1. Of LYS324/LYS413; LYS356/LYS478; LYS188/LYS217; LYS409/LYS432; LYS349/LYS433; LYS356/LYS413, which sit over 20 Å apart, Cα to Cα?
2. Around SER300, what is the net charge, scoring Lys/Arg as +1 and Asp/Glu as -1 over all other residues with Cβ under 13 Å from its Cβ?
3. Largest first and in whole Å, what are the equivalent-ellipsoid semi-axes of the range 473-609 based on the Cα gyration tensor, each being the root of 5 times an eigenvalue?
4. Using only Cα atoms, find the angle between the long axis of helix 267-278 and the longest principal axis of the chain, and express it within 0 to 90 degrees, rounded to the nearest 10.
5. Quick one, can you get me the convex hull of the C-alpha atoms of the range 130-189 expressed as volume per residue in Å³?
6. Kindly provide the helix-only [θ] at 222 nm of the chain, computed as the sum of -39,500 (n - 2.57) over DSSP H runs of four or more divided by all residues, to the nearest 500 deg cm²/dmol?
7. Mind checking the log10 I(q)/I(0) for the range 465-546 at q = 0.18, 0.21 Å⁻¹? Debye, one equal scatterer per Cα, no solvent, two decimals.
8. Per residue, how big is the convex hull of the range 180-253 when only Cα atoms are used? Give it in Å³.
Amino acid sequence: MTRYFEVHQRDGAARTGSLYLNNTIPTPAVIDPSSLKPEAEGDIIYPGSQWHFGNGKAATQATLKLRERVGKNKLIIMPSCTYSSMVAGDVTCEKIDVPADEGPTGIAYSERDPETTRDLYVADGIGCHEGNPRRLLAELMKVRKNIAPDSALYAPNIALPENVAMLIYLGVDILDTTRATIAAFEDKYMTSAGFIHLDRLAELPCCCAHCSGTSAKEVKGMDKKQRARLLEKHNIATLEAEVALVRQRIRSASLREYVEGRCRHDPALVAMLRLSDVEYDFLEERTALFKPAPLLATTSESLTRPEVVRFARRVQQRYTPPEKDILLLLPCSARKPYSISMTHSRFRKALGKNLKLVQEVIITSPLGIVPRELEVTYPAAHYDTTVTGYWDAEEHRWVEECLEDFLLKHPYKHIVAHVEDEYRSICENVSKKLGLEITYTSDGNVTSPTSLHKLEDTMKELCSGLSYRGDYRRDMLKAIADYQFGAGAGEKLLPPDSKIKAPFPRYQAFLDKEQLITLIPENGTIALTIEGAKRIIETGDYVVNIDDFVPRGSILAPGVIDADERIRPNDEVFICGDKAFCVGRAAMSGPEMIHSSRGIAVDVRHVKKL
Ligand SMILES: [Zn+2]
């Protein structure tokens, strides 16, 4: 059980937290490895390896003595046999038998002796994999997956200003200054875009306290020791500034955008980003249903980030369009939600009363396709992308795949596309591939009077004699419910006699004057009342089981007995216990609720005592 480390904010696998020791250490943090020596009186202590003590028994004795001397507010890392994880065979450490409840402890992670509930784990030897992105990623993910989510992860001897954003993005909490010191003694001047050898520096590109009082010429003239000390101070300051910025990006839920930019200085880091996206399950499990920050799609990796892939997969697996005969494909707009943009207002005006007879689907990069009913749901109304009119081959292929999948799953009598340029070429490719006929209504410019008339006339002709009894507002709420809770949830939540009120998009659904649902426009998700939750609770999805208590305000992780593994941070969840039935928002993922012993698991909104 971890009692000395707590996670505060999460952004994907990255998190901010606190190590509660003599002094509280905010994480992600950079520590000085020399402060780990017992005589340094630091808050984290490493008494030395088992080799140093001679054997496991002596090491245990020394560690117990150390605990007695330093008290219970300092974290002691257990003496290990330090060998790299690349060492094969049956090299084993003797078990150091210092109880975890005698104060905070850490230990080198070992597959051979998997312990999972220390306050801190050391990814020993991780620095060996620095030049091997595949291996480094695999090792980091392995440790992160196997230890408790509320254990801190320390990656020693690897931090550089250019790689810390990536390491923290993958779940590292503590780094150290080893590399910054070594670099200083090699005359390497660190910057967030990689190091520059002192010989090549004409000026010092830094305003830190150590650089501002001197010049490149002066530093070059210093004796070796003096020079190394100054470079070391600068290197550490640069590293710390970078980590502080990363902490801020986590708080503002925008670390992914930062990592996409930061990794460009090192091909191995770009490789790591791409390889990590292939490990979709690892990142997606930790990625919130929605974020408070806009999603900026400015690189080719934006197409594979977990939020984008998850949206496309949920459209494929959870979305069921209302039964209509005509599909209208439209281009996206810069303004979101699309329907309030100037271009989409014109399209919809041209459709007139036929609008409700038509299924609208918007083609866009990087999301692929967005059914009109999901246009307000994160990230559909929250992304911004680089617009040049040119789409690269990957974007083309990705969007085509999404459209192709939709058309294969949902057959229509007529498909109309009111699109130009790249959007048209996507439609043409898919139409050719699937042998489907698509009617094009745009004549060079989607908003020209000729094009809009053609759209109007085509729709009039196709829609004549058709009728649709559904209500767009109910369709939208149903689609969002399916998106959040799984296919079929919307049908259960919104019976045909339910009433929808309020203006777009702040919809509310009522049944017999009892409110069931509110659509939250800021993130396009729905919040349920107790009455609403009762309608879908029997599916057993998105349920958190708690002990026999009545929650007030929030539920802490230790109070959770079990949780649906599909729960993501910010998911709407249903809390079931012997004494209460509640509705709330998840503050952490389902797996994290199960395996954590600290922190808020759910923010509760409605409580019904049983
Ligand atoms: Zn400096």
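1. On the way: LYS324/LYS413 9 Å; LYS356/LYS478 16 Å; LYS188/LYS217 15 Å; LYS409/LYS432 17 Å; LYS349/LYS433 32 Å; LYS356/LYS413 16 Å.
Going by Cα-Cα distance, LYS349/LYS433 fall outside the 20 Å limit.
2. Working: positive: ARG264, ARG274, ARG305, ARG397; negative: GLU260, ASP277, GLU301, ASP392, GLU394, GLU395.
Here the count lands on -2.
3. Values: eigenvalues 136, 43, 33 Å².
Semi-axes (√(5λ), whole Å): 26, 15, 13.
4. Between helix and principal axis, roughly 50 degrees.
5. Numbers: hull volume 4.4 nm³, N = 60.
Output value, Cα hull per residue: 74 Å³.
6. On the way: 20 runs with 212 residues, N = 610.
-10500 deg cm²/dmol, from helical runs alone.
7. Listed by q, the Debye log ratios stand at -0.72, -0.95.
8. Here the figure is 84 Å³ per residue.
Bear in mind these aren't lab numbers, they're just calculated from the coordinates by the rules spelled out. Since this is a predicted model, take the numbers as computed values, not measurements. Here the Cβ is made from the backbone with ideal geometry for all residues, glycine too, and neighbour counts use every protein chain on show.
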